[in-house]
Amino acid sequence: MNTVAQGLFLCLTAAAIYLLFFTSPKKTANHLSRGWGDEIDWVPTYEEGLAKSKSNKKPLMVIQHLLDCPYSKGLKEKFAANAEIQKIAKEHFVMLNLIHETTDNNLAPDGYYVPRIIFIDPSLTVRNDLVGKHPIYKYTYTNEDILLILENMQNARTMLYTEL
């Protein structure tokens, strides 16, 4: 009986060591990312985004989208798959994605449509010079505009040092 108890003890000890040192904890999805990038630290509200942008001296990037919109889905897939965008967003931006309309007119400077991306600098100014290609809906982007989004993100970072 003593040998059985020793064997069981050794098995349990080996299993515990294996679980502690040789398995990685399961990563849970970031529910605020909504598929736009789980590694990004997303803020939950516009107000928190503005405060964090101002205090951290980082631009706020607001992505307004709908979960069931095919254009939003297409843009989200390209955005999440672009490693450079993900890196810049994680390191140099305060990030917010919204699936509900807001009453703040600053988030709809030219209308209520999706998807739209708005850049706000730490002085809390909406950057109307960082826009998409559409002549009427200036803040809309498609999945084909991923390089333009990257360029606008880089410009938003650069403007911190040249304008503010």
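Observations on the structure shown:
- Projected onto planes of every orientation and averaged, the convex hull of the alpha-carbon atoms in segment 96-164 covers 4.8 nm².
- With all protein chains in place and a 1.4 Å probe, the accessible surface of segment 32-155 carries 53 percent carbon and sulfur.
- Whole-number percent relative contact order across segment 42-151, with pairs defined as alpha carbons under 8 Å at least 6 apart: 35 percent
- For segment 30-164: rounded, prolate or oblate by the Cα gyration tensor [a/c cutoff 1.5]: rounded
- Segment ASN128-ASP41, extension gain: residue separation times 0.36 nm, minus the distance between their alpha carbons: 28.8 nm
- By accessible area with a 1.4 Å probe, ligands and nucleic acids excluded, highest first: order of HIS65, HIS31, HIS134: HIS31, HIS134, HIS65
- Average accessible area per residue (Å²) across segment 78-151 - probe 1.4 Å, nucleic acids and ligands excluded: 49 Å²
- Sorting 110-119, 96-105 by average packing, meaning the other beta carbons within 10 Å per residue, from highest down gives 110-119, 96-105.
The values are calculated or read from the model by the stated rules, or taken from the named source; none is laboratory data. Since the structure is predicted, the reported quantities are computational estimates derived from the model, not experimental observations. Counting neighbours? That spans all protein chains shown, and the Cβs are built from the backbone with ideal geometry, glycine included. The accessibility values were calculated without ligands, DNA or RNA, using every heavy atom of the protein model including side chains. Shrake-Rupley method; radii C 1.70, N 1.55, O 1.52, S 1.80 Å.
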